[in-house]
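As structure tokens, the structure follows; a few thoughts come after it.
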Amino acid sequence: MNSMEIAKLVGPIAALIAGSGFFVYKTIYSVDGGHRAIKFSRFTGLSSKYYREGWHLKIPYFERPIIYDIRSHYVNNNAVTGSKDLQTVKLTIRVLYRPMEDKLPELYRLAGTNYAARVLPSLINEVSRIIVAQYNATQLMNQRDQVSLDILARLKKRANEFFIQIDDVAITHLTFSPEFISAVEAKQAAQQDAERARYFVEQAVQDKKSTIVRAQGEAVSAELIGKAMNPAYLELRRVETAKHIAEILAVSNNRAFIDSDTLLLNIAGPLGHKLLNLGETNTKPNAK
């Protein structure tokens with residue numbers, strides 16, 4: 001077999017191999033992990049069966065695969081609505097979603113492969129307006145988790161009608177109108193001022209009570225000290241003081257005339273009578 005004959009054989013073989021490869025390429029398709037496929041046939045239409053990961057066959061030109069990603073995805077949706085007390089609320093809601101695996105043919109007939117952009121924004125806006133309208137502004141700020149759960153429960157029911165599975169809902173951003181924010185700040189400032197004034201009043205009341213208790217204690221203490229002291233001891237202290245005054249006057253170069261009251265002797269008092277009696281008793285033996 002010469003080279004001319006070999007060349008003639010190589011051309012058809014190469015064409016056969018290329019044609020076979022192209023046929024195989026057009027006949028086989030693959031489904032990656034986390035994906036599912038459905039087939040559309042030009043003869044029978046959309047198949048009700050879905051295909052899992054791996055290699056699958058198709059009839060070229062007559063059948064084509066439609067592949068869905070069944071993993072969870074998220075979408076952030078901004079909404080402006082009103083609260084129960086007619087306050088304007090701006091919120092951002094994050095929703096985790098995925099298609100229902102056993103409802104892929106129905107989902108394709110209803111919304112196609114771009115189902116999230118076609119269906120979810122309107123559903124999220126509808127449900128968020130219904131739920132937010134059930135809460136006032138204070139509840140929306142303090143019960144954000146409960147509001148998210150209510151939105152999740154209602155959104156699941158609505159999304160099931162479109163063959164979409166909702167996994168989670170979270171309110172990531174929540175703001176009110178500038179007027180409402182200013183009113184809340186003014187209210188908080190007024191409450192702080194009221195608390196501060198209440199504190200000062202309580203402090204004044206406590207100071208008054210402590211002063212009264214201290215005065216009562218000092219009065220009781222003085223009364224107890226007065227009862228505990230001996231009158232004779234007081235008289236002795238007065239005599240000692242009078243003696244000290246007399247000694248100071250005795251050594252002084254100046255003459256001073258003072259009465260008995262100033263000298264703390266109080267001759268007209270009980271101590272003076274006792275001293276006079278004591279003097280009379282001492283002079284009687286000398287007279288004898």
Problem - Selected residue (only one of Lys288, Lys284, Lys274, Lys209 is modelled with pLDDT of 65 or more and basic (Lys, Arg)) - result: Lys209
Practice task
Only residues that are open to solvent by 60 Å² or more (accessible area, probe 1.4 Å), of a type in the set (D, E, K, R) and under 17 Å from Glu101 (Cα atoms): list them for segment 158-181, please.
Solution key: Glu161
Problem - Condition check for Thr88: touching a residue at least 40 places away in the same chain (Cβ under 8 Å), surrounded by fewer than 17 Cβ atoms within 10 Å (Cβ to Cβ) and farther than 17 Å from Val169 by Cβ - result: yes
Problem - Only one of Glu195, Glu185 that is open to solvent by 100 Å² or more (accessible area, probe 1.4 Å) and under 27 Å from Val132 (Cα atoms) - result: Glu185
Fill in the blank from the handout: Flagged in segment 55-75 as under 30 Å from Val95 (Cα atoms) and outside any loop (DSSP other than H, G, I, E, B), in numbering order, are Pro65, Ile66, Ile67, Tyr68, Asp69, His73, Tyr74, Val75
Problem - Residue identified as open to solvent by 70 Å² or more (accessible area, probe 1.4 Å), basic (Lys, Arg) and within 30 Å of Arg52 (Cα to Cα) among Arg109, Arg129, Arg154, Arg144 - result: Arg109
Practice task
May I ask you to list the residues in segment 154-183 that are touching a residue at least 40 places away in the same chain (Cβ under 8 Å), part of a helix (DSSP H, G or I) and within 27 Å of Thr138 (Cβ to Cβ)?
Solution key: Leu155, Phe180
Problem - Extreme residue, farthest from the chain's Cα centre (by Cα), among residues of segment 91-106 that are buried (at least 19 other Cβ atoms within 10 Å of the Cβ) and part of a strand (DSSP E or B) - result: Pro99
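The values are calculated or read from the model by the stated rules, or taken from the named source; none is laboratory data. What you see is a predicted model; the values in this text were computed from it and never measured. Virtual Cβ from ideal backbone geometry, glycine too; neighbours counted across all protein chains shown. All accessible areas refer to the heavy atoms of the entire protein, side chains included, with ligands and DNA or RNA removed. Shrake-Rupley method; radii C 1.70, N 1.55, O 1.52, S 1.80 Å.
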